[in-house]
Amino acid sequence: MDFKQATATWWDAITSGFGRQDGLELDVLGLVLVIGIPLVVTVTPGIWRFFGLFVTFVHELGHAFAALMTGRVVKGISLNFDHSGQMNSFGRVGFSATWAGFWGYPAPGVLGLVLATSAVFGWAPFALSVGALILLVALIFIRNFAGAVIAVITAIAAQLVVVFLPLEWISVFVAALGAALTIGSLKDLVKVIRVHTRRRHVQQSDAYILAQGSSLPAGGWLTLFALVIIVCALATARVLYTAVSVGAV
């Protein structure tokens with residue numbers, strides 16, 4: 001297969017996702033795949049070391065999307081192998097800067113809810129195709145070597161999933177990815193709270209940075225992070241519960 005044929009195959013796979021299929025129904029095996037595997041991925045240190053990089057990528061993309069929503073110009077995204085990252089943008093100070101600064105930690109939880117909902121209601125292929133395209137576009141915003149490695153590997157993995165994952169497994173994969181991002185968002189929430197309670201590297205925290213530019217203290221921003229993330233986690237659990245078939249419980 002030459003490059004032209006490969007590109008055509010990839011594009012056919014992308015466009016074939018722009019439609020709706022039957023919604024997700026979870027039996028016992030489905031529950032293991034959608035709940036069990038994400039738990040293993042997020043609580044196993046060796047696996048989290050790699051999946052956590054993707055969660056950080058989503059975190060920084062959350063900042064970038066929020067910045068674009070308010071007319072800010074995204075200058076670039078940096079990602080590091082220690083799960084840290086930074087999104088740089090410029091624009092008016094005030095609401096736009098605060099809005100962009102807030103939507104980092106909640107982003108994986110919000111995306112997790114979107115993915116789980118799309119799987120349950122039959123839009124998993126659409127979510128997968130759109131996500132793969134977004135990850136390709138995101139490459140132009142990466143500004144450091146580690147970020148390039150993380151973003152390129154993530155983008156390639158997404159394209160391979162789109163092309164080679166059988167149609168009947170797409171809903172399960174998207175739901176499992178949503179569950180993993182939801183759990184990952186809760187894990188990162190605990191991590192940032194610990195940063196503030198232990199007062200170590202506080203200056204690098206989104207909550208600290210937001211507090212410096214507003215009248216709300218860091219604890220208030222942490223509370224808002226927690227509120228959005230926990231609501232998204234509960235909503236995700238509820239959505240997935242509706243997909244469980246009677247025989248699985």
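Just so you know, all these numbers are worked out from the coordinates, no wet-lab data involved. Treat the numbers as computed from the prediction; the structure is a model and nothing was measured. Here Cβ is always computed from backbone atoms with ideal geometry, including for glycine, and neighbour counts include all displayed protein chains.
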Considering only C-alpha atoms, what is the centroid distance from region 1-79 to region 179-245, in Å? 20 Å
Based on DSSP H runs of at least 4 residues, each adding -39500 (n - 2.57), what is the mean residue ellipticity at 222 nm of the chain after dividing by all its residues, to the nearest 500 deg cm²/dmol? -23000 deg cm²/dmol
Could you work out the relative contact order of the chain, using alpha carbon pairs under 8 angstrom and six or more residues apart, expressed as a whole percent? 29 percent
Under the rule of at least 5 residues apart or a separate chain, name every residue whose amide H is placed under 5 Å from the amide H of Phe121. Leu24
Among Gly104, Gly219, Gly17, determine the one that fluctuates most according to a GNM of the chain built with springs between C-alpha atoms less than 10 Å apart. Gly219
Through the Karplus equation 6.51 cos²θ - 1.76 cosθ + 1.60, θ set to phi - 60°, convert the phi angles of region 179-184 into ³J(HN,Hα) values in whole Hz; use x for Gly and Pro. 5, 5, 5, 4, 5, x
What's the angle, to the nearest 10 degrees (0 to 90), between helix 218-242's Cα axis and the longest principal axis of the chain? 10 degrees
Which order do Ser16, Ser215 fall in if you start with the one that has the fewest other Cβ atoms within 10 Å? Ser215, Ser16
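Working out 0.36 nm times the residue gap between Leu68 and Thr223, then minus their Cα-Cα distance, what length gain in nm do you get to one decimal? Present the calculation step by step, with values, prior to reporting the outcome.
Values: separation 155, 0.36 × 155 = 55.80 nm, distance 2.45 nm.
In short, 53.4 nm is gained.
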At Phe121 and Arg200, where each label point lies 7 Å from the Cα along Cα→Cβ, what is the point-to-point distance in nanometres? 4.2 nm
Linear extension gain, Trp11 paired with Phe164, 0.36 nm per residue minus alpha-carbon span: 53.8 nm
Could you calculate the contour length gain from Val40 to Lys4, that is, 0.36 nm times the residue separation minus the distance between their Cα atoms, to one decimal place in nm? 9.1 nm
Relative to the longest principal Cα axis of the chain, at what angle does helix 45-69 sit, 0 to 90 degrees, rounded to 10? 70 degrees
Which cross-chain or sequence-distant (5 or more) residues have an amide H under 5 Å from the amide H of Val244, H modelled 1.01 Å from N in plane? Leu26
Hits among aspartates and glutamates - C-alpha to C-alpha of Lys191 under 19 Å, sequence gap 8 or more where chains match: Glu60, Asp82, Asp206
Choice from Leu216, Leu177, Leu61 showing the highest fluctuation, given a GNM over the chain with Cα pairs closer than 10 Å: Leu216
Helix axis angle, 145-164 relative to the chain longest principal axis, alpha carbon, degrees: 20 degrees
Of (i) 1.03; (ii) 1.22; (iii) 1.11, which one was derived for Cα Rg over 2.2 N^0.38 Å from the structure shown? (i)
Specify the residue with the greatest mean-square fluctuation among Trp123, Trp169, Trp103, computed from a Gaussian network of the chain linking alpha-carbon atoms under 10 Å apart. Trp169
